[in-house]
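Single-structure report; data block below.
The values are calculated or read from the model by the stated rules, or taken from the named source; none is laboratory data. Remember, it's a predicted structure, so these values are computed and weren't measured experimentally. Ideal geometry is used to build each Cβ from the backbone, glycine not excepted, and the neighbour counts take in all protein chains shown. The area values use the complete protein model at the heavy-atom level, side chains included, leaving out ligands, DNA and RNA. Shrake-Rupley method; radii C 1.70, N 1.55, O 1.52, S 1.80 Å.
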Amino acid sequence: MSVPEGFSILDITGTFTMNKTLSDDTDEVLRLQGVGWAKRRVISYATITLYIKHYKDDEGIEHVDIDQKLTGGIPGTTENRTLIWKERHNEDHLFGPVIGKSRRVKVEELGEEEWLKTGWSEDTIEHGVIQAYAESDTAKSGTTWIANQTWGVEVLNGERRYIRHLHFTGPGGEDIRAKLVYDYYGPN
């Protein structure tokens, strides 16, 4: 389902489910991140729901807090992102030790990453995408991967949708690009 009139990257607050028909398959990404076969099977059948709260604190700093829930018995994750491009360490039950950072950024500042820069709506380009960068904490996890994402609004099949572009680099240099498309289900 498309996002409502007036929805923009300036406030992505809402409830979303991943549209697995429109999204690219992420099984290989999960495998390369060290997620086992059984969990990947459950995830492939599960409904993934995001409960997003996007706000500015008293200092005017943007925050995006996400509670992710999955059906099928796998616990969800919580992401509390502060858009200041500062590294933060997190112990994720699915991906293990992770180092991440997030920011709002104009697409022209993303360098050579065409996949992360293209396809966005005019208002997303005007206001900047949200970039969410994460990598394995190799010293603690023993594996190496990078997940670089941009989030925004894109017109897909004539509908404005909340979408994420993922550029993933695996431990053996695997290079995967995926589009994650979400259906909007209303405010939180």
Mind checking whether some residue in region 51-63 is hydroxyl-bearing (Ser, Thr, Tyr), in contact (Cβ under 8 Å) with a residue 24 or more places away in the chain, under 26 Å from Asp183 (Cβ atoms) and in contact with an Asp or Glu (Cβ under 6 Å, 6 or more places away or on another chain)? yes
I'd like to know if region 66-80 contains one or more residues that are at pLDDT 95 or above and within 19 Å of Gly128 (Cβ to Cβ). yes
Looking at (1) out of contact with any helix residue (DSSP H, G or I) (no Cβ under 9 Å at 6 or more places or on another chain); (2) hydrophobic (A, V, I, L, M, F, W, C); (3) closer than 18 Å to Leu94 by Cα; (4) modelled with pLDDT of 95 or more, which one does Ala139 not meet, given that it meets all the others? (4)
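Considering only residues that are outside any helix (DSSP H, G or I) and among the hydroxyl-bearing types (Ser, Thr, Tyr), look in region 103-132 and name the one that is surrounded by the fewest Cβ atoms within 10 Å (Cβ to Cβ). Quick ask: steps written out before the conclusion?
Applying the first criterion (outside any helix (DSSP H, G or I)) to region 103-132 yields 103-106, 111-113, 118-121, 128-132.
Still in the list and also among the hydroxyl-bearing types (Ser, Thr, Tyr): 118, 121.
Details: Thr118: 12, Ser121: 18.
Checking each candidate, the answer is Thr118.
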Show the residue pairs that are 6+ apart or on different chains and have beta-carbon atoms under 6 Å apart, the first residue being within region 3-26 and on the phi > 0 side of the Ramachandran plot, the second being in a strand (DSSP E or B) and open to solvent by 20 Å² or more (accessible area, probe 1.4 Å). Gly14/Tyr184
